[in-house]
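Accompanying notes for the structure given below.
The values are calculated or read from the model by the stated rules, or taken from the named source; none is laboratory data. Predicted model, so just to flag it, every value in this text is computed and none were measured. Cβ placement follows ideal geometry from the backbone for every residue including glycine, while neighbour counts extend to all protein chains displayed. Keep in mind that these areas ignore ligands, DNA and RNA; they rest on the heavy atoms of the full protein, side chains included. Shrake-Rupley method; radii C 1.70, N 1.55, O 1.52, S 1.80 Å.
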Amino acid sequence: MKGTGVSPGISIGKAFIINKFKASVSGIKLKTEESKIVEIRNFDNAVHASVSEIETMKVSKGTDLRQADIDILETQIEFLNDPQIKSDVTDKINDEDATAWDAVIKVIEGAVKMFREMDDEYMSARAADIQDVGNRILRHLDFNESPTTGDLCENSIIIADDIAPSDTISLDISKVTGFATRLGGKTSHTAIIAKGKGIPAVVACGDELLNIRNDDIIILDGTTGEVIAKPDQGQIDEYLHKQKLFREKRLLLESIKDLPSKTTDGHMVKVYANISAPDDLEQVYENGGEGIGLLRTEMLFMGRDSFPSEEEQFQFYRLVAIKSKNLPVIIRTIDIGGDKQLNYFGIPVENNPFLGYRAIRICLDRKDIFMPQLRAILRASAFGTLKIMFPMICNVDEVIQAKECVRQAKNDLTDSGIKFDSDIELGIMIEIPSAALTADILAREVDFFSIGTNDLCQYTMAVDRMNDSVSMLYNHFNPGVLRLIQKVIEEAHKQGKQVGMCGEMASDPLATLLLLGMGLDEFSMSPASIPVIKNIIINHTLTEAGDILGRVMDMDNPDSITSYLQEVLK
Ligand code: PEP
Ligand code: MG
């Protein structure tokens with residue numbers, strides 16, 4: 001079977017199937033008003049029982065729970081206490097004569113469908129939380145026992161439709177060596193939890209997974225997405241060998257991850273992380289990150305129904321500042337629009353959202369959104385080493401206006417006697433070709449650049465980064481993109497300004513030596529990629545990187561550049 005590998009590593013173990021609770025509508029109609037009152041009471045009791053079950057789980061697991069687990073459980077309690085769910089269920093009982101059982105199934109189905117269809121991948125993955133809550137209420141309505149996971153043996157590979165958030169919390173995770181699910185995506189709970197625990201996982205395996213039986217031997221490759229049921233001895237030997245190599249590599253990376261990012265001829269660079277929330281900092285430390293090259297603030301604005309207040313934002317940035325223990329943190333101001341929409345903001349439908357009303361364009365137009373964010377970041381700057389970065393800059397006027405807003409925010413805080421870092425560094429993202437081509441002008445206005453190759457590629461080659469049918473053109477080794485990156489670094493360095501990169505290219509091992517040769521000062525990426533990139537940097541010289549750059553810049557097309565770089569890294 002082939003699914004999507006979401007947590008790397010190889011696992012060989014025995015299948016343990018988590019039977020999902022499959023509820024179907026009974027179709028029974030209530031005949032009397034008394035029976036409706038009883039059904040509403042049964043529903044209320046089932047909700048109470050569900051809440052106290054979760055509270056008990058929280059207490060009994062105590063300090064074993066990570067912050068992410070606690071968040072899952074608290075979200076579920078919030079859903080359970082949501083007055084909308086209660087009134088929808090009550091309406092169905094009263095107006096449609098439905099039993100509590102049928103009403104819950106229908107209400108939850110509607111909510112799950114609504115979340116699943118949301119464009120935002122994160123929000124659509126929340127459908128699993130709601131389904132989980134629905135199943136829990138139904139179990140209590142039916143007076144059924146919770147599905148038992150007590151029979152889990154050592155070295156179990158969990159097979160399921162999808163892993164519900166609370167499944168992973170109630171499982172004895174020390175016995176689980178892999179996850180394979182029929183459904184799910186890259187941001188599903190299975191993916192998040194497996195990655196967090198370092199357990200190999202494959203999601204979206206499809207219906208073939210249903211053929212697996214309990215105790216079948218399973219091989220699972222979380223890197224390639226392969227799942228083999230009932231393998232022969234040859235396959236087992238092959239994967240045992242791959243597993244050994246993977247573990248050796250992981251140990252090697254583990255041993256070098258905290259070394260400084262210095263080439264063998266003494267050139268220092270920085271390897272930073274991209275994060276979206278304070279909790280992500282744990283992973284940054286685990287992987288030897290030396291700072292935060294990009295804090296995407298959009299997550300703080302998503303999954304809610306109005307803008308967060310200045311105070312809420314301040315608490316969030318302050319927590320990041322405190323948890324970062326004085327490592328530098330670049331906070332990017334809000335980058336909504338394009339692929340990141342907020343339901344409650346209601347940007348009118350645009351023909352070309354990626355070329356439309358987004359990021360700094362919105363902020364400069366809507367100071368009521370921008371100023372509270374700037375004030376909140378500045379207030380948090382008293383608690384750590386924070387820097388501010390503006391996304392989607394296309395000309396120098398935008399930088400001048402954004403800086404003016406920072407000046408005003410500083411004045412507001414000074415007038416109110418609130419402390420902040422008055423020397424806070426200001427930088428911009430270079431992700432639009434006009435910005436790259438005018439890097440000399442922009443560099444005069446800011447303290448640093450960070451190159452956003454995700455957008456720079458789409459705008460340079462006119463290739464929508466979300467459109468699969470043109471994805472073969474989307475390649476950061478396109479010589480046009482490489483020339484822009486080289487120019488940005490050269491121009492910034494002429495004025496003594498540092499250049500980072502926080503687009504996905506920074507985590508591509510094939511690109512590391514090329515970027516090093518160009519003089520990139522800081523590589524920023526998802527925490528898990530840090531040891532891999534560090535390992536390349538510390539095992540090469542700057543001279544080698546310069547030679548590679550010379551060869552690549554003479555090449556005409558991305559394919560020959562890729563083959564050459566693959567050869568170099570072998
Ligand atoms: C980029 O464009 O490279 C970038 C880092 O920003 P985002 O992916 O958030 O648009
Ligand atoms: Mg971008």
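So the values come out like this:
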read-out	value
Pairwise centroid distance, computed over Cα atoms, of the stretch 45-59 with the stretch 285-339, Å	32 Å
Cα gyration tensor of the stretch 21-141 - equivalent ellipsoid semi-axes, whole Å, descending	27, 18, 11
Cα pair distances of the chain binned at 10 Å [whole percent]	3, 15, 23, 25, 19, 10, 3, 1, 0
Protection proxy ranking, peptides 96-109, 512-525, 46-59, average beta carbon neighbours within 10 Å, highest first	512-525, 96-109, 46-59
The stretch 216-338 - Rg and Dmax from Cα coordinates, angstrom	20.7, 61
Value of relative contact order over the stretch 264-569, rounded to a whole percent, pairs C-alpha under 8 Å and six or more apart	19 percent
Net length gained if the chain between Asn45 and Ser434 were fully extended (0.36 nm per residue, minus Cα distance)	133.9 nm
Relative contact order of the chain, defined on C-alpha pairs under 8 angstrom at six or more residues apart (%)	13 percent
Anchor Lys175: aspartates and glutamates whose Cα lies under 12 Å away (excluding residues fewer than 8 positions away in-chain)	Asp151, Glu154
Mean Cβ count within 10 Å, highest first, over the residues of peptides 498-507, 254-263	498-507, 254-263
Rounded FRET efficiency, nearest 0.05, which uses the C-beta distance separating Thr541 from Lys494 and R0 of 22 Å	0.35
Computed FRET value (nearest 0.05) for Asp258 with Ile173, which takes r as the C-beta separation and R₀ as 25 Å	0.45
Computed over the stretch 466-570: relative contact order in percent, which uses C-alpha pairs under 8 Å that are six or more apart	32 percent
Inter-probe distance in nm under a simple model that places probes 7 Å from Cα toward Cβ, at Glu286 and Arg361	3.9 nm
Relative packing of peptides 361-367, 434-440, 211-217 - highest average C-beta neighbours within 10 Å first	434-440, 361-367, 211-217
Solvent-accessible heavy-atom area per residue, rounded to whole Å², over the stretch 264-569 at 1.4 Å	40 Å²
Rg(Cα) / (2.2 N^0.38 Å) computed for the stretch 442-570, rounded to two decimals	1.03
For the stretch 264-569, fraction of C-alpha pairs farther apart than 38 Å, in %	11 percent
Calculated FRET efficiency for the pair Met268/Asp397, C-beta based, R₀ 25 Å, to 0.05	0.10
